[in-house]
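Beneath this line is the structure, given in structure tokens, with notes to follow.
Read-outs throughout are calculated quantities, based only on the coordinates presented, and are distinct from any laboratory measurement. Predicted, not measured: the structure shown is a model, and the values here were computed from it. When we count neighbours, we look across all protein chains shown, and the Cβ atoms used for this are built from the backbone with ideal geometry, even at glycine.
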2 protein chains.
Amino acid sequence: MGTDDARRSLTSARVATLATARASGEIDLVPITFAVYGNQLVSVVDHKPKTTLHLRRLKNIMNNPRVTVLAHSYDEEWDRLWWVRVRGTARIVTSGRQHHDAIRSMIAKYPQLVDPPPTGSVIIVEIDEWLGWSACQSEP
Amino acid sequence: MGTDDARRSLTSARVATLATARASGEIDLVPITFAVYGNQLVSVVDHKPKTTLHLRRLKNIMNNPRVTVLAHSYDEEWDRLWWVRVRGTARIVTSGRQHHDAIRSMIAKYPQLVDPPPTGSVIIVEIDEWLGWSACQSEP
């Protein structure tokens with residue numbers, strides 16, 4: 001799968017998995033909703049920003065901004081499997097234009113967020129590596 | 001979600017995401033099919049063991065056996081979301097009783113593997129940490 005296909009597949013995916021590293025090196029994984037525009041992937045920490053799990057995600061990024069995100073599709077017909085993996089550098093934004101734009105993108109993608117709109121921290125990932133794989137295009 | 005529920009949810013999930021770390025600290029993510037018995041999660045590297053992506057996964061584990069695995073369910077009804085995350089120490093097995101048992105467990109779960117049965121390396125993760133989350137049981 002080329003970068004254009006990878007971008008299309010990731011953009012349209014409804015959920016992905018965010019990987020962040022603890023200072024100890026242990027890897028934390030959590031499903032995220034997200035939006036993609038250009039080389040940015042954004043994800044809003046939801047309506048309950050004070051839970052331990054959300055704090056962990058943000059703390060990891062503050063310690064080590066390198067993150068990996070995977071979106072994939074599973075089907076019992078294994079020749080329909082595909083996945084897209086991106087890497088990038090993440091930052092946390094809590095207000096201002098980038099915060100506003102990220103939340104607007106999330107609401108446009110997820111009607112579940114319309115009312116009330118999220119107000120929490122936004123994770124913005126500057127993607128610098130795209131990798132896509134599709135079973136139907138893989139090597140013989 | 002308690003450990004028993006987490007175990008049931010992970011065991012019945014059809015796909016999960018395996019996270020391994022490169023020596024550089026970058027995190028690799030890949031979807032895996034897998035089976036769980038007791039505190040072991042097993043995954044068979046499939047019929048094309050020589051591809052770069054499979055070698056990467058195995059190389060990472062040989063360098064750093066600590067892995068994290070996430071299974072989750074997405075639904076547009078967000079009160080149905082759940083995920084299970086496990087951590088453990090992985091090893092690679094290429095023959096013998098554990099290899100045989102792992103492949104047998106995979107075939108029992110995935111009819112796609114029956115013919116021909118896989119013969120490649122098996123990743124065995126000794127799970128030492130379970131964490132499960134369900135939207136319908138989360139804090140108010």
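Can you find a residue that is surrounded by fewer than 21 Cβ atoms within 10 Å (Cβ to Cβ), within 14 Å of chain B (Cβ to nearest Cβ) and closer than 19 Å to B:PRO31 by Cα anywhere in region A:2-10?
Checking region A:2-10: at least one residue is surrounded by fewer than 21 Cβ atoms within 10 Å (Cβ to Cβ), within 14 Å of chain B (Cβ to nearest Cβ) and closer than 19 Å to B:PRO31 by Cα.
Within region B:39-50, identify whether any single residue is assigned to a strand (DSSP E or B), within 11 Å of another protein chain (Cβ to nearest Cβ), on the phi < 0 side of the Ramachandran plot and crowded, with 23+ Cβ neighbours inside 10 Å, and answer yes or no.
No, the conditions are met nowhere in region B:39-50.
Among the residues of region B:97-111, which ones are free of Cβ contacts under 8 Å to residues at least 24 places away in the same chain and surrounded by fewer than 17 Cβ atoms within 10 Å (Cβ to Cβ)?
B:ARG97, B:HIS100, B:ARG104, B:PRO111
Looking at region A:63-96 only, could you name the residues that are more than 9 Å from chain B (Cβ to nearest Cβ), under 19 Å from A:ASP5 (Cβ atoms) and free of Cβ contacts under 8 Å to residues at least 12 places away in the same chain?
The one that is more than 9 Å from chain B (Cβ to nearest Cβ), under 19 Å from A:ASP5 (Cβ atoms) and free of Cβ contacts under 8 Å to residues at least 12 places away in the same chain: A:ASP75.
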